[in-house]
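Right, one structure below, let's go through it.
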Amino acid sequence: MEQSTRWWRTTAFRVTLLHLLLTLLGTAALSGVAWWATTGFALRQLAQEVDRDSGVLAQAARLGGVRSLAVSIEARLGADRSGTQYYLLAAPDGERLAGNLASAPRAPGWATLRLEGLKEAESPELLALGTPLPGGGFLIVARDVGPVRQLESLLLGAAGWVGGGAMLLGLMGGLLMGRGVTRRAAAMDAALARVEAGEIAHRLPVRTGGDEFDRLARRINAALDRVQGLMQTLRQVTDDIAHDLRTPLTRLRGRLETALRAPDDAGWRAATEAALQDCESLLEIFAALLRIAQVESGARQAGFAPLDLSALAATVAEVYAPAAEERGQRLETAIAPGITAHGDRELLTQALANLLENAVKHGREGGRIRLALTPDPSLVVEDDGEGIPPDQREAVLRRFHRLDAARSRPGAGLGLALVAAVAELHGARLTLGDARPGLRVELALPAPSRPAPGGP
C-alpha cells in the first residue's frame, strides 16, 4: 500500500496524467472541428437543395398554375429512388392536391417535421420549407435528414475509436516516458543514498545523452567533489592543528608551571611574560586560520573593486625594505607603472606581504630579493635561498605544512596557505618555481575587464 501511495505521488505519474489529458483534449478538439465541418456542410447542402427545389416549383406554379405544379411534384416523386424527398401541395381550403405528405402545418419558412402515424423512433426527421402560393395555395418541400444523422453517428463512432486509441497511445507513451524519468530519478536517489551512507567518493551516473538529468548529475557530482575536497582539507587541517598546537600548548603549560614554582617575583614575572608570548603566538595562529576560512568562503568577493596594483606593490616593498636590510639583503623592484586589477586590496596586500616576508625569512643572508610586477598583470617574488623541492611545492600550500619537520624555526606554516586562498578567491594562478637558486613565486591575476567600444 505504501509503495502504491508513493507511486501515485511521483512526478512521473503526474506527467503521465498531464500527457493523457492533453492528448484527450487535443483529440476532442479535432473531432469537434471535424464533426462541425462535415455535418454542418451536409445540412447546409440539404437546405440549399430544399430551397432550390422550392424556388423551382414556386416558379412553375406562377407560370402554369396549380395543375402544372401538381404534375411536376408527381413527376419528381416518381423519379425519386432514394425515398428522401417529400412534398405537399395544399389547396386554399387545406385539401391535399399532390405530394406524399398527408398534412403539414401551413406556416411559411423553415421547420422540422415528423411523419404522422409512426412512432417517433421510426418517423424520419424532415427539414421542410413552407411557401405560400398565388391564389391561396400552399407548398411544402422537405428532405429526409436521416442520411445526415447517419453521418453524424459514424463520425461520433469514429471519434470514439480515435479517442480511445489516442487515450491508449497517450497512456502508453506517458507510462514509458514516466518510467524513464522514474528510472533516472531512482538511480540518482540511490547514488545520493550511498553518498549519505558514507561513500563520499561515489558519484551519480552520467550518460552521454546530455539531457537535463545529465547536466544536473554533472553539477551534483561537481558539488560532491567540492565537498569531498573540503572534507579532506578539514581532516588534514584537524590533524595539523592537533600536531602543531601540541608543542606550543605544552611549552605554555611548562612556563606556567615554572611561574608557579618561581622562588621570587623576578622569576615569576619572566615566566609569565614568556607564557604571554606563547599565548600571542597561539592567537596569531587562530587569527590566521580564521582569515583563511573567511577568504575560502568567498564572502570577500562582494567587496571587490578596481585597484592600483602598481601602488600596492610599491607600498609593500617599501614596508619590507628595512627588514631585508637587517639581514643584509638587497630588495630589488621592477614594478610596471599604471597596472590595475579588480579585487580586494587588503587581501592582495596581505598575500604579497606574506610572500615578501617568506623571502626575507628564508632567503640567504646578504642575498638578493626581487619583486616584479608585469603588465599581465603578474606579481613575482624571487629569493636566492634554499628554495622548495619540486615534490613539496604543492604540499606547502596546505595549512601547517612546513619544510622544517623539527619546527625549529618560528612560524606556523600558514603564510603560503593564505596566499593560495587569496589566489583562488581572485581566480588567479599561483605558481611556485625555481629561481636558480632559490624560490620563485608568481601570482598571475586575471586581466581587468575593459568596457566595450562606445560604452560608458
proj_area_mean for the stretch 100-198 (convex hull on C-alpha atoms), units nm², value 11.7 nm²
Top positive-direction residue, dipole computed over the stretch 299-444 with Cβ charges, set Leu331, Leu414, Ala317: Leu414
Quote to one decimal, in nm, the extra length available between Arg14 and Thr38 on full extension: 0.36 nm per residue of separation minus the C-alpha distance between them. 5.1 nm
Looking at the stretch 154-243, which GluC sites (Glu not before Pro) are in a loop (DSSP not H, G, I, E or B) and have at most 14 other Cβ atoms within 10 Å? Glu199
Using only the alpha carbon atoms of the stretch 299-444, find the Kirkwood hydrodynamic radius as the inverse mean reciprocal pair distance, in angstroms to one decimal. 15.4 Å
Protection-proxy order for peptides 423-429, 336-342, 34-40, 84-90, each taking the mean of Cβ atoms within 10 Å per residue, highest first: 84-90, 423-429, 336-342, 34-40
Leu69: net charge of surrounding residues, Cβ under 14 Å, Lys/Arg +1, Asp/Glu -1, itself excluded? +2
Sorted peptide list for 265-277, 430-442, criterion being average Cβ within 10 angstrom, highest first: 430-442, 265-277
For Cys279 and Gln48 in one chain, what is 0.36 nm times their gap in residues minus the Cα-Cα distance, to one decimal in nm? 72.3 nm
Calculated FRET value between His202 and Thr333, using beta carbons and R₀ = 51 Å, to 0.05: 0.50
Can you pull out the GluC sites (Glu not before Pro) in the stretch 47-98 whose DSSP state is coil and whose Cβ has at most 14 other Cβ atoms within 10 Å? Glu95
May I ask you to order 379-390, 180-191 by the average number of other C-beta atoms within 10 Å around their residues, highest value first? 379-390, 180-191
What whole-number distance in Å separates the alpha-carbon centres of the stretch 324-400 and the stretch 165-239? 44 Å
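Bear in mind that the values in this text are calculations on the coordinates, not laboratory data. Computed from a prediction, not measured in an experiment: that's the story for all the values here. Methodologically, a virtual Cβ is constructed for each residue, glycine included, from the backbone with ideal geometry; neighbour enumeration extends over all protein chains shown.
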